[in-house]
Amino acid sequence: MRYVRLDTPKPISKIGLGTWQFGSKEWGYGPEYERRAAEIVRRALDLGVTLFDTAELYGFGRSERILGAALGDDRAKVVVATKIFPLLPVAPVVQQRAVASAARLGVDGIDLYQVHQANPVVADTTTMRGMRSLQDVGLVGEVGVSNYGLRRWRFAEAALGRRVLSNQVRYSMIDRGPEEDLIPYAEQAGRIVIAYSPLAQGFLSGRYDATNPPAGAVRRANPYFLPENLERGTALIATLREVADAHDATPSQIALAYVLRHPNVVAIPGASGVEQMERNAAAAEIDLADDEYAALVAAAHAFRPVTGLAAVPRMVRGRLGG
């Protein structure tokens, strides 16, 4: 495993484990998945994974409970990250919710406490006042944000009066927005971009095509999995496979290596089983050659999916079977 080179109390692994699926029925893994979750966490620990990310919203607290129980006595050795759902993120609420999350996780302190989403009406001034109080009493180590643009990330940091260590955003080969400003800022300022959905919910795995679309409510709601987009992605997946063959790897591992090439980026893919956890962790060791990276960039730029409002009629027809 490789780790981010930053001055953090505990090392942060380049590959972490995202646990949205823990206790969340919408992923369709079934009730037995809760038992499997513990096996995944234990194997992740064996592989040197130190970053475990959850949120109070995931399974309405169940993900935090499952993760805390699975980590057991190792909770103090790793970076436990969770997120507050910013329904009313004023200072007293932030403090109350942190106490509740810590209790569900079974920890004395939350290593990284993140604002799940920027609130459009509540200023970060009051949110960060709550975060600062939590740091002052030792309940929170580092503060992070999620789904923030650069301007608001920097404003949140000014409001906190200390570093806001991380910004957790959607980042993958086909969601490259963070490359414009967030990643350069992280590298310049000594911060971290945490990439969620680094495999575009499995689109980049090569498992799906127009004749074999994914099941499950989450992926069905993602326009990338429209048959037209799966067809348009054929050339991109072919490039991933070509690079993967050169490394005796899988397309998913190469897609992860793409985002991890940036020194201040870590990725938190989920895992449906121990084997997938092992493959994800191994991706941290892959070094892409310059020409391989250039080929991936070119293939990603050439991919033109139907998204936004243009995708809505197609998704509706798909749901209705038309």
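Would you point out the residue of the stretch 80-90, among those that are open to solvent by less than 10 Å² (accessible area, probe 1.4 Å) and among the hydrophobic types (A, V, I, L, M, F, W, C), that is nearest to Thr50 (Cα to Cα)? Please lay out each step first, then the result.
Pass one, the stretch 80-90, residues open to solvent by less than 10 Å² (accessible area, probe 1.4 Å): 80-84, 89.
After this cut, where a residue has to be among the hydrophobic types (A, V, I, L, M, F, W, C) as well, the list is 80-81, 84.
Working: Val80: 8, Ala81: 10, Ile84: 21 Å.
The qualifying residue nearest to Thr50 (Cα to Cα) is Val80.
When the stretch 161-201 is limited to residues that are open to solvent by less than 10 Å² (accessible area, probe 1.4 Å) and small (Gly, Ala, Ser), the one that is farthest from Tyr3 (Cα to Cα) turns out to be Ala200. Here is the figure for the stretch 263-299: residues that are touching a Pro at 6+ places or on another chain (Cβ under 7 Å) and either of a type in the set (A, V, I, L, M, F, W, C) or in a loop (DSSP other than H, G, I, E, B) (or both) total 2. Within the stretch 2-39, the set of residues being modelled with pLDDT of 95 or more, under 18 Å from the mean Cα position of the chain (by Cα) and either among the aliphatic types (A, V, I, L, M) or open to solvent by 40 Å² or more (accessible area, probe 1.4 Å) (or both) comprises Arg2, Tyr3, Val4, Pro11, Ile12, Ile15, Leu17. Under the condition of being closer than 15 Å to Ala282 by Cβ, of a type in the set (S, T, N, Q) and open to solvent by 30 Å² or more (accessible area, probe 1.4 Å), the residues counted in the stretch 222-270 number 1. All of (1) more than 24 Å from Ser133 (Cα to Cα); (2) touching a Gly at 6+ places or on another chain (Cβ under 9 Å); (3) assigned to a loop (DSSP other than H, G, I, E, B) hold for Gly48 with one exception: (2). Search the stretch 58-98 for residues being part of a helix (DSSP H, G or I) and β-branched (Val, Ile, Thr), and hand back the single one that is nearest to Asp46 (Cα to Cα). For the stretch 58-98, the residue satisfying everything is Ile66.
For the stretch 199-213, the count of residues that are closer than 30 Å to Ala298 by Cα and touching a residue at least 60 places away in the same chain (Cβ under 8 Å) is at least one.
Residues of the stretch 95-115 that are in contact with a strand residue (DSSP E or B) (Cβ under 9 Å, 6 or more places away or on another chain) and open to solvent by 30 Å² or more (accessible area, probe 1.4 Å): Arg97, Arg104, Asp111. Filtering the stretch 191-208 to residues that are more than 10 Å from Pro251 (Cα to Cα) and of a type in the set (A, V, I, L, M) leaves Ile192, Val193, Ile194, Ala195, Ala200.
What helices (runs of 4 or more DSSP H) completely inside the stretch 223-262 contain at least 1 residues that are of a type in the set (Phe, Trp, Tyr) and at pLDDT 95 or above?
Details: elements: 227-232, 234-246, 251-260.
Once the helices (runs of 4 or more DSSP H) in the stretch 223-262 are filtered for at least 1 residues that are of a type in the set (Phe, Trp, Tyr) and at pLDDT 95 or above, what remains is 251-260.
Would you say Val79 is touching a helix residue (DSSP H, G or I) at 6+ places or on another chain (Cβ under 9 Å) and in contact (Cβ under 8 Å) with a residue 12 or more places away in the chain? Let's see the steps before the verdict.
Values: touching a helix residue (DSSP H, G or I) at 6+ places or on another chain (Cβ under 9 Å): no; in contact (Cβ under 8 Å) with a residue 12 or more places away in the chain: yes.
Spelling it out, it is not the case that Val79 is touching a helix residue (DSSP H, G or I) at 6+ places or on another chain (Cβ under 9 Å) and in contact (Cβ under 8 Å) with a residue 12 or more places away in the chain.
Tallying residues that are farther than 30 Å from Leu236 by Cα and open to solvent by 40 Å² or more (accessible area, probe 1.4 Å) within the stretch 142-160 yields 5.
Sub-7 Å Cβ pairs linking a first residue in the stretch 288-303 that is surrounded by 15 or more Cβ atoms within 10 Å (Cβ to Cβ) to a second residue that is outside any helix (DSSP H, G or I) and hydrophobic (A, V, I, L, M, F, W, C), at least 6 apart or interchain, are Leu296/Met173; Ala300/Met173; Ala300/Ile174; Phe303/Ile174, ordered by first then second residue.
The values are calculated or read from the model by the stated rules, or taken from the named source; none is laboratory data. All values reported here derive from a predicted model rather than from experimental measurement. Neighbour counts run over all protein chains shown; Cβ positions are idealised from the backbone, glycine included. Ligands, DNA and RNA are stripped out before the accessible areas are found, and what is left, the full protein with its side chains, is counted by its heavy atoms. Shrake-Rupley method; radii C 1.70, N 1.55, O 1.52, S 1.80 Å.
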